[in-house]
Amino acid sequence: MRTASDSEEDDGRDETIVVANEFAVVHLTKIRTRNGSRLEIRSPRLGYTISLDPLELDSLTWQTPDTFARFLSTPFGPGPRERGERSDKPTERI
């Protein structure tokens, strides 16, 4: 008989943690790849996902509050220009 933990081991993912407040919801999942563990961060509301390796995560601790303030200058993610798309092309979010 398979359990939920069996299926998590099979697909290289651990249990997802949800962190939320009145401004955002993110899902955090440890995933295992050929190159080691990564932390997958997913924003279900905006449809963005990123997977960070340990060095990339560690580099977050080197940042100042100003760095994160600049991230929030576009609180709904990058616009077409930042993503390298034409601004007249409609964008679709999942």
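What follows is calculated from the coordinates using simple rules that are stated; it is not laboratory data. Bear in mind the structure is a predicted one, so any value in this text is a computation, not a measurement. Note that we place each Cβ from the backbone using ideal geometry, even for glycine, and neighbour counts take in every protein chain shown.
Table for the structure above
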{"quantity": "Contact order relative to length of the stretch 4-71, as percent, for alpha carbon pairs under 8 angstrom and 6 or more apart", "calculated": "18 percent"}
{"quantity": "Surrounding net charge for VAL25, when Lys and Arg each add one and Asp and Glu each subtract one, Cβ distance under 14 Å", "calculated": "+1"}
{"quantity": "Rg/Rg_ref, the stretch 4-71, where Rg_ref = 2.2 N^0.38 Å and atoms are Cα", "calculated": "1.26"}
